Each structure stands twice: as structure tokens, then as C-alpha cells.
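One structure below.
Every number in this text was worked out from the coordinates using simple rules, so none of it is lab data. Predicted model, so just to flag it, every value in this text is computed and none were measured. Because the Cβ atoms are built from the backbone with ideal geometry, glycine has one as well, and the counts that use them run over all protein chains shown.
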Amino acid sequence: MKAHTEYITFNTRRKREYINITGRIAGEVAKSGVREGMVLVSAMHITAGVWVNDAEDGLIEDIDEWLEHLAPYRDDYRHHRTGETNGDAHLKSLLVHHQVILPITAGELDLGPWQQVYYAEFDGRRPKRLVIKVMGE
Amino acid sequence: MKAHTEYITFNTRRKREYINITGRIAGEVAKSGVREGMVLVSAMHITAGVWVNDAEDGLIEDIDEWLEHLAPYRDDYRHHRTGETNGDAHLKSLLVHHQVILPITAGELDLGPWQQVYYAEFDGRRPKRLVIKVMGE
Amino acid sequence: MKAHTEYITFNTRRKREYINITGRIAGEVAKSGVREGMVLVSAMHITAGVWVNDAEDGLIEDIDEWLEHLAPYRDDYRHHRTGETNGDAHLKSLLVHHQVILPITAGELDLGPWQQVYYAEFDGRRPKRLVIKVMGE
């Protein structure tokens, strides 16, 4: 069994930002030499998410608006008594999940034709890490 | 390490449909010969989901109504400027997640007594694929 | 390849309860002897969840209130015609997802500084099981 681990650090300009990382993950799969296996892509912070969906700008704006509707910024979250102001970012992370696991078949990411992997930053403007862990043979 | 990959194509009659695929996955686990490991079950489209929950018709109707409430069909999603009309299906996919990973113990799917695996189609009436990837020993 | 499987049974005093299980999972990873791999942490019931987020009491109360807002208790779920009264617990489980998969690097859980693993009970006061499955080398 082979294992290969890589970390990416993001430091977004805006508080919320959605970054297509499909090429980065494919690059790590190639480096790993794994032909059959899986790759875990997981945010290491609790105010970020990872999803697989479309690389279409209109949809990404729709998702951002929808997340703000379902998990809105509010002043009065109990979490803010700690001095934090990012309660909504924790809820958004729970809503979209913080990780995906992608199949690797014949040495390639085994994705459908429109599947793209996104890192979803909900509380940016500071360094945040993501782990990519490849496992297989 | 053994790996076994299978694809299922769905072509549902209705736009939204929920299909119990537990038996299909158990069959692929048996074929793989894996005794200890994991199986990834992942939609290959961005307007479908996979979940583990109850095989109870009333609940499935509740889930469908609830998803339509939280991620409703709307004419005015930005995504629809591309000519698509399935913005809600993308949001529903994000909400329930597009994949699960099931443990395999002693050659069997290691599920709880009521756990059943569903493919959730949110934009059907055309061929859509799902990947099943078994990994272990 | 090594595999190690453990089950935890919870029997919470309250209907909804959120339990930090990070230490328990780290203990199973240590027992497994796996240095590079992954550990799946998955509820075996369909009215419970597992998430990775902050160990901060105020936030946990915010999450509980938010889940009740998005997936409320209601008398009139169709599922309740079966005699059950836990329709909301099924929806809450779908919303937060019932599982996470954690990377293991150099023999340790490879988590970010604030990442803690929680078992989320949405229909407690009876025995409920969780499976921990470690896989790697």
C-alpha cells in the first residue's frame, strides 16, 4: 500500500471565497504513483468546506447566496461571547461538509464529466490549511 | 490490497427519485473478495446525492418535501442564465452530500440494522452514473 | 494492509446530545498500529450524525438551535404514521451527515488545531452504536 500526503495553505483576499482545486488534487495523485485507490480532501479548519460540484460562476454565486440564507451571519450567536464573529462560518461548514473522498482508477481521478472539487472558504483573510491524503496501490 | 470498481447507470422516469441500492453495493463487495476494508459509493453527477437512511416510504416523502423547502426550485437562479433549469438540483446535492463510505467487516457491509443506502436523483430522465469503489484485503 | 474495527455504544440521558469522541478515536488509531492511512467514523443509526467542528459550548448550543430551525420537530411528518415520532432526527442526520473520515499521518490523527470529532445524538435515551474502522499500514 502506498500513502502520499500533501497540505495546501490558502489565504484568501475575501472572507468567503470558492477555489477550484481539481488540478492540484490530480497533481498529487500523479505524484503518489497510486493506480487504484482513493484520495481524501479535507479542510483542516472548522470554518471551511470542500465540495464537488460545477465550475459555473452563476451557480457559485447561487450557492453563496443560499448558504447565507440557510446559515446567515448574525450578531447574537452564543459562540460570539468568546470574542469570535464567525458563528455563521461554522454552520456553513457543517452544511456543505468539510471533506470529500475521490476514487482513483487507472492512475487518474475517477470523476464524472462536470465534477470539479472546490475549497470553500467561509472565514478567510488568514492562512487556512487543507490536507490531501492519497492511499492505494 | 485489492481494489474493485463498478459503475451503475440510472435513467429515472421522474425528475426526482430515490432508489435503494444497498443490495447492489453488497453484490459488488461480494465480487471484490474484500474481507476488511471500505467501499466508496459516489454520484458522478453534480445534481444527485447518496445517503444512508431508512427504507420507509413516508420518510422518503418527508425528505423530498423538506429538500424542496430548503433548496426550492426557482426560475431566477443565476445558473439558469446558462440555459439550465436545474439550479435546485445542485443545491439539493450539496445539502445531502454526493457520497458515503461504508465499512466492510468479515466480508460483509458493516451497516446498522436500519441503514439502507439510497441514490437520490434530483434531475433525472437521462442517464446518470454512480461509482462503487471497493478497497481492502 | 492493516484493518482495525471498534464499536462504541452510546445511551444518552437526553434526546439530543453532542459528545466529543476525539480521544476515543485517537485511542483506536493507536491500538491499530497504523502509521499511514485513514479512519472512518460512522454512526450505525439513521437518527444520529458525526461531525468535525469546535469544542466550544456556545457554538454547540448554536448548532442545536440551528438544526431545530432547519429540521424542526413536527407532529405531522408522514414517517410518524408508522408510530415513530423521530422524523426530525432523520432529517437532522441527513443535514450534518452521519460520518467523517480522518487522515492518519505518522501514527497520529492528522487534524487541524481546532478540529474535534463529535457524535451527534438526535434521538437518544436508548443504545445506539458507532463504528470506527481504521485502515492503512
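Go through the stretch A:86-95 residue by residue and turn each phi into a ³J(HN,Hα) via Karplus (6.51, -1.76, 1.60, θ = phi - 60°); whole Hz please, and just put x for glycine and proline.
10, x, 4, 5, 5, 5, 4, 4, 4, 5
What dipole magnitude, in Debye to the nearest 20, does the stretch B:22-70 give about its Cα centre under +1 on Lys/Arg Cβ and -1 on Asp/Glu Cβ?
About 620 debye.
With each pseudo-label sitting 7 Å past Cα toward Cβ, what's the A:ALA55-C:GLU68 distance in nm, one decimal?
Those two pseudo-labels are separated by 4.4 nm.
Please report how far the C-alpha centroid of the stretch B:36-107 lies from that of the stretch A:46-74, rounded to the nearest whole angstrom.
16
Just to confirm a number: summing +1 for Lys and Arg and -1 for Asp and Glu over residues other than A:SER93 whose beta-carbon lies under 13 angstrom from that of A:SER93, what do you get?
Result for the neighbourhood of A:SER93: -2.
Expressed as a rounded percentage, what relative contact order does chain C have, with Cα pairs under 8 Å and six or more residues apart?
Relative contact order for chain C comes out at 55 percent.
Given springs between every Cα pair under 10 Å in a Gaussian network model of chain C, which of C:GLY23, C:GLY83, C:GLY49 has the largest fluctuation?
Maximum among the listed residues: C:GLY83.
Filter the chymotrypsin sites (Phe, Trp or Tyr not before Pro) in the stretch B:1-63 to those in DSSP coil with at most 14 other Cβ atoms within 10 Å of their Cβ, and list the result.
Qualifying residues, ordered by number: none.
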